[in-house]
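Visitor: Once you've had a glance at the structure underneath, I'll fire off some questions.
We did not get these values from a lab; they are worked out from the coordinates using the rules stated. Since this is a predicted model, take the numbers as computed values, not measurements. Positions of Cβ are generated from backbone atoms using ideal geometry, with glycine treated the same way; all protein chains shown enter the neighbour counts.
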Amino acid sequence: MRETATPLLARLEAGTQSITWGITFMVSGTMIVPVMDAIAKILGDSLSPLQVTWGRFFFQFLLMGIAIIVLYGPGLLRPKRPVVHAMRGVLLAIATSFFFFSLLYLPLADAIAIFFVQPMMLTLLSSLFLGETIGWHRKSAVVAGFLGALLIIQPGSDSFTLAALLPMGAALFFSGYLVVTRSVANIDHPLTMQFASGIGATIALSLALFPGTLISDPVWGAQFPSTIEWGFLTAIGFIAAVGHLLVVIAVNRAPASVLAPFGYVEIIAATALGWLIFGDWPDALSWIGIAIIIASGLYVFVREQRLVRNAR
């Protein structure tokens with residue numbers, strides 16, 4: 001039985017769906033995620049990206065646990081499928097580590113734009129592992145999305161680095177995380193799933209950091225952060241937790257099909273932050289690639305909506 005929400009969360013979840021509020025929460029959650037990535041890029045100058053990833057999940061699951069206890073009570077902390085959630089946590093930890101490593105070498109907007117081939121990768125993995133049927137429309141969108149990513153990566157050019165492949169690796173592992181998540185959907189409360197995967201990710205990253213820390217490796221090990229760095233690590237976990245909560249509330253307020261296109265606001269926010277903080281601005285080919293990735297994702301979304309309407 002699902003635990004009863006506190007009056008605060010009940011007011012957010014209850015009542016008639018409000019599409020306007022749903023979009024507001026979705027856009028808010030999507031816009032703050034690049035702030036987390038920008039902080040991770042800053043911390044990459046002094047801390048290992050692996051340690052930054054550890055901080056993201058450690059403080060996220062800690063803050064998420066506190067939120068669950070306050071809003072629902074401690075009973076919601078215990079997942080029904082802990083092994084599967086641990087697997088989700090490992091996949092998410094690998095995806096985030098790949099992405100944070102990419103931020104050492106790539107502009108923020110480029111890294112996030114390349115990562116947005118993820119919906120197309122999810123389409124392929126869902127076909128392979130979940131048996132979902134994909135027609136030529138989806139296949140064409142997948143190919144277009146990868147072509148858009150290639151325009152940003154620009155293989156063969158003087159500006160190409162192997163680091164440009166890291167966001168694609170992040171997208172692949174994140175898609176795997178979503179496939180596993182689909183396999184246990186509706187078994188646990190979404191906040192419980194997020195809390196459990198956060199613990200799994202934190203344990204996996206702690207084990208990964210241990211050997212490098214013993215030999216004081218600057219890339220694969222951990223060091224004791226300064227007060228400011230602790231504050232940044234806490235902020236990353238807080239932003240991750242709040243961002244997820246805002247998306248959960250958005251889905252409770254409006255249909256997911258309405259909210260899906262607003263995920264691309266993240267690229268806009270990342271471009272603005274990259275320019276304001278790091279002075280990065282995508283070149284012409286990158287802008288074309290970004291446009292193609294967004295267009296291919298929106299094409300799949302619009303077509304799926306039309307199919308749903310025709311089936312009624």
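Visitor: Using the basic label-point model (7 angstrom from Cα toward the beta carbon), what is the Ser127 to Ser18 distance in nanometres?
Guide: Between Ser127 and Ser18, the simple spin-label model gives 4.1 nm.
Visitor: Follow-up. Subtract the Cα-Cα distance of Ser216 and Ile203 from 0.36 nm times their separation in residues, and report this length gain in nm to one decimal.
Guide: Contour length minus the Cα-Cα distance gives 2.7 nm.
Visitor: Starting from the 7 Å offset along Cα-to-Cβ, what nm value, one decimal, do you get for the label separation of Ile66 and Leu104?
Guide: So the label points at Ile66 and Leu104 sit 3.1 nm apart.
Visitor: With the Cα gyration tensor of segment 17-311 in hand, convert its eigenvalues to equivalent ellipsoid semi-axes via √(5λ) and list them largest first in whole Å.
Guide: They are 28, 26, 18 Å, listed from largest to smallest.
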